Amino acid sequence: MSSYFTDLAQQYIDGEWRPGTGSWEIIDFNPYDGEKLASITIATVDEVDQAYKAAARAQKEWAATNAYARRGVFEKALRIIEDREQEIADTIIAELGGTHLKAGFELHLAKEFLREAIHVALRPEGRIIPSPVDGKENRVYRVPVGVVGVISPFNFPFLLSLKSVAPALALGNAVVLKPHQNTPICGGSLVAKIFEDAGLPAGLLNVVITDIAEIGDAFIEHPVPKVISFTGSDKVGRHVATVCASQFKRAILELGGNSALVVLEDADVDYAVDAAVFSRYVHQGQVCMAANRVLVDRSLEAEFTEKFVAKVKTLKAGDPRDPQTVIGPVINSSQADALSGAVDQAIAEGATALVHGSTTDNLVEPSVLTDLPAGASILQQEIFGPVALLIPFDGEEEAVRLVNDTPYGLSGAVHTANIERGVSFAKQIDSGMFHVNDGTVHDEPLVAFGGEKSSGIGRLNGEATVEAFTTQKWISVQHGRSFFPF
């Protein structure tokens, strides 16, 4: 077992590793075999307060530090991740139940986003804007917001913590990070350890491992943070947004999805099958961008279904430590139970199971459902697991209507022989992202990432990240004397 689970099972506040002072512990389990990985005494409201105050104290000097000097921390952090890549991958496999493929995918993206953070440090630019007043010079500076609170999820905890933490720090802010209680090491203390070893000054990054049962809304209500970056469910995101709005905080919300992969009648069927299987089953389907729904033109339905089902049946489910495993466990038993219940309910409502995977502890084998009645509840929800819904359609107009018939609007994809037809289709979809002749699961450092409708508010990546973690300040200079009417 990785030493991270013993060495990093603590809070990290103001540059110090210390236990929480709560009266109970978060137990970190391996979701595949139930092995106890770590026990962490939770942080209390008082420790959340200490973390934010430490961040506020450290931030001013950090913001005044030359951006080129700040950049060096992120260059070193990248080298540390590269040097420790195997150990980090093993930790992802143990704590998340991620497969080797998934761990490699997450680490690759994490390094790409850290490379971008190196450049983000130098990205903010000021402007001089003309004035209608003679002799007046309007300077608009882009400055750090101050302190950012980051709440990361369990599915890609290392990547999605770094994705907010690194650029927020690079732009001159301080950060307090609260990882998901199922992934406290990968999503929290491991990130702190990397930046500590990279030479980040104390107080700029703090990690509090806790639970809302202990702290309530203290993390988002605290007066210090000006921005809360939250990745998780739309239900919790709605609450975060409400609290932030009441306190005039900015909320960046990356929430759930119910994405569709659409196969038009002129698509390459074999390629579309490969894209759809990956988009649905990567990391057991625990991906916000996953293709919950696979929509196929009725003229291709028989061929596509046969090939899709055949490929799904080849996906090996089991121990994520086995390099041949494609489907590992879902994160916990409540998730496994919910998935089994959703499949059973869909079948009771009239769906046909072309593949009906069994559930053993947290290991949920793949399922494929078709013949779903229009009102089936599973069509409207985010299925955070290895369950695919095959839905036929008649013509492009119906496909657009079906794709948009969901409260969510995160990602999606369309397959067609005509690229511009695909682009035209994508423009009609109410989503933040859409891909032509590819899968639904994509994230790139320079391209704005985020959703519409119940899939979130705001964007991250590239210039959007600069917008998210900085604010604008107008300073005017009057050259010569101004005229006042009285």
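Would you please list the contacts, defined by Cβ atoms under 6 Å and residues six or more apart or on different chains, that run from a residue in region 386-405 that is over 28 Å from I331 (Cβ atoms) and without any contact (Cβ under 8 Å) to a residue 40 or more places away in the chain to a residue that is among the polar types (S, T, N, Q) and surrounded by fewer than 21 Cβ atoms within 10 Å (Cβ to Cβ)?
Short answer, once both residue conditions are applied: V400/Q428.
For K76, only one of the following conditions fails: (1) surrounded by 20 or more Cβ atoms within 10 Å (Cβ to Cβ); (2) touching a residue at least 60 places away in the same chain (Cβ under 8 Å); (3) out of contact with any strand residue (DSSP E or B) (no Cβ under 7 Å at 6 or more places or on another chain). What is its number?
Only one criterion in (1) surrounded by 20 or more Cβ atoms within 10 Å (Cβ to Cβ); (2) touching a residue at least 60 places away in the same chain (Cβ under 8 Å); (3) out of contact with any strand residue (DSSP E or B) (no Cβ under 7 Å at 6 or more places or on another chain) is unmet by K76, namely (1).
For residues in region 433-458 being within 18 Å of S233 (Cβ to Cβ) and of a type in the set (S, T, N, Q), which is surrounded by the most Cβ atoms within 10 Å (Cβ to Cβ)?
S455
Tell me, which residue of region 199-233 that is in a loop (DSSP other than H, G, I, E, B) and of a type in the set (A, V, I, L, M, F, W, C) is farthest from T470 (Cα to Cα)?
So the residue we want is I209.
Do we have A351 as surrounded by 15 or more Cβ atoms within 10 Å (Cβ to Cβ) and in contact with a Pro (Cβ under 8 Å, 6 or more places away or on another chain) here?
So A351 passes the test.
Which condition does L369 not pass, out of (1) assigned to a strand (DSSP E or B); (2) in contact (Cβ under 8 Å) with a residue 40 or more places away in the chain, if it passes all the others?
Of (1) assigned to a strand (DSSP E or B); (2) in contact (Cβ under 8 Å) with a residue 40 or more places away in the chain, only one is false for L369: (2).
In the set S367, S334, S340, which member is surrounded by fewer than 15 Cβ atoms within 10 Å (Cβ to Cβ) and of a type in the set (S, T, Y)?
One residue alone meets the criteria, S334.
Test of understanding: among T41, T99, which residue is farther than 26 Å from I475 by Cα, of a type in the set (V, I, T), over 25 Å from the mean Cα position of the chain (by Cα) and crowded, with 16+ Cβ neighbours inside 10 Å?
Answer to the selection: T41.
Does at least one position in region 239-249 carry a residue that is assigned to a loop (DSSP other than H, G, I, E, B), hydrophobic (A, V, I, L, M, F, W, C) and either surrounded by 19 or more Cβ atoms within 10 Å (Cβ to Cβ) or touching a residue at least 40 places away in the same chain (Cβ under 8 Å) (or both)?
no
Quick check on my filter: what residues within region 10-41 are under 30 Å from T359 (Cβ atoms) and not in a strand (DSSP E or B)?
Of everything in region 10-41, those that are under 30 Å from T359 (Cβ atoms) and not in a strand (DSSP E or B) turn out to be W24, N30, P31, Y32, D33, G34, E35.
Check A426, A413, A464, A399 and return the single one that is crowded, with 21+ Cβ neighbours inside 10 Å and assigned to a helix (DSSP H, G or I).
A399
Scan E112, E137 and give me the residue that is under 30 Å from S482 (Cα atoms), acidic (D, E) and in contact (Cβ under 8 Å) with a residue 12 or more places away in the chain.
Only one candidate passes the filter, namely E137.
Only one of K193, K163, K226, K178 is assigned by TED's automatic domain parsing to the domain that holds I92, within 30 Å of H415 (Cα to Cα) and basic (K, R); which?
K163
Taking region 231-258 on its own, how many of its residues are within 19 Å of K163 (Cβ to Cβ) and of a type in the set (S, T, Y)?
2
Going through region 288-302 one residue at a time, which ones are in contact (Cβ under 8 Å) with a residue 24 or more places away in the chain, surrounded by fewer than 22 Cβ atoms within 10 Å (Cβ to Cβ) and either within 16 Å of F105 (Cβ to Cβ) or aliphatic (A, V, I, L, M) (or both)?
Within region 288-302, just L300 meets the criteria.
Looking at (1) surrounded by 24 or more Cβ atoms within 10 Å (Cβ to Cβ); (2) of a type in the set (A, V, I, L, M); (3) part of a helix (DSSP H, G or I), which one does V236 not meet, given that it meets all the others?
Condition (1) is where V236 drops out.
A quick yes/no check of all residues on (1) of a type in the set (A, V, I, L, M, F, W, C); (2) modelled with pLDDT of 95 or more:
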residue	(1), (2)
M1	yes, no
L8	yes, yes
N30	no, yes
D46	no, yes
A77	yes, yes
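What are the residues in region 259-274 that are crowded, with 24+ Cβ neighbours inside 10 Å and small (G, A, S), if any?
If the condition is that a residue be crowded, with 24+ Cβ neighbours inside 10 Å and small (G, A, S), then S259, A260, A272 are the ones that fit.
Here is a list of conditions, (1) surrounded by 15 or more Cβ atoms within 10 Å (Cβ to Cβ); (2) at positive phi, and Q381 meets all of them except one; can you say which number that is?
Just one mismatch for Q381, condition (2).
The values are calculated or read from the model by the stated rules, or taken from the named source; none is laboratory data. Owing to the predicted nature of the structure, the values given are computational and were not obtained by experimental measurement. Because the Cβ atoms are built from the backbone with ideal geometry, glycine has one as well, and the counts that use them run over all protein chains shown.
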